[in-house]
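The values are calculated or read from the model by the stated rules, or taken from the named source; none is laboratory data. Every value quoted in this text rests on a predicted model; they were computed, and no experiment measured them. Note that each Cβ is placed from the backbone with ideal geometry, even for glycine, and that neighbours are counted across all protein chains shown.
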Amino acid sequence: MSWREILVEEFKAIISNPVVMLTVFGGVFFYSILYPLPYANQIPLEQKVTVVNLDKSKVSFDLERMVNAAPQVHLVSRAHSVEEAKQQFLKGEVSGIFVIPEHFYRDLLLGKAPTSLRWGCLFLLSLRHHSRRLSACWWHLGGRG
């Protein structure tokens, strides 16, 4: 028998065996559906966040809108200072603070990566996701400048 004939015979044996088919294909299918079910409710959604927009430019308001479009974030209030927002956070009115720094638009036009301050569980739970999202927003906003 040649190698080709051996491979064909082995493939036929695997395909014709229902136990192997159920284990290989059914197991992968059931595992991919059943494994994530217990974790489905652990994704933070609609977290109440207050925003402190120290820049007050059109671009910073566009960034607010983009961040608010994420299903994990709901911007519920606008504070005029970081201290005011921190008090809202400490009282439990919001679960996170998003600060758009002064000179945000200028730094964006100069090619500097604008920084933002974040407090709260929302940003700790999904910091990686939000960092990527904010980077994409900054890139998008910078392209318009």
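Name the single residue that is surrounded by the most Cβ atoms within 10 Å (Cβ to Cβ) among those in the range 16-25 being in a helix (DSSP H, G or I) and not hydrophobic (A, V, I, L, M, F, W, C).
THR23
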Does the range 26-76 hold any residues that are in a loop (DSSP other than H, G, I, E, B) and within 15 Å of ILE100 (Cβ to Cβ), and which are they?
LEU54, ASP55, LYS56, SER57
Across the range 16-49, what is the number of residues that are of a type outside the set (Asp, Glu) and in contact (Cβ under 8 Å) with a residue 12 or more places away in the chain?
6
Could you look through the range 72-82, keep only residues that are more than 17 Å from ASP55 (Cβ to Cβ) and either at pLDDT 90 or above or acidic (Asp, Glu) (or both), and pick out the one that is surrounded by the fewest Cβ atoms within 10 Å (Cβ to Cβ)?
SER77
Of all residues in the range 37-58 being within 18 Å of ALA79 (Cα to Cα) and not polar (S, T, N, Q), which is surrounded by the most Cβ atoms within 10 Å (Cβ to Cβ)?
VAL49
Check ALA113, ALA69, ALA85, ALA13 and return the single one that is crowded, with 16+ Cβ neighbours inside 10 Å and either without any contact (Cβ under 8 Å) to a residue 60 or more places away in the chain or in contact with a His (Cβ under 6 Å, 6 or more places away or on another chain) (or both).
ALA85
Boolean, LEU108 is assigned by TED's automatic domain parsing to the domain that holds LYS48, at pLDDT 60 or above, assigned to a helix (DSSP H, G or I) and buried (at least 16 other Cβ atoms within 10 Å of the Cβ)
yes
Somewhere in the range 17-40, is a residue in contact with a Phe, Trp or Tyr (Cβ under 9 Å, 6 or more places away or on another chain) and at pLDDT 85 or above?
no
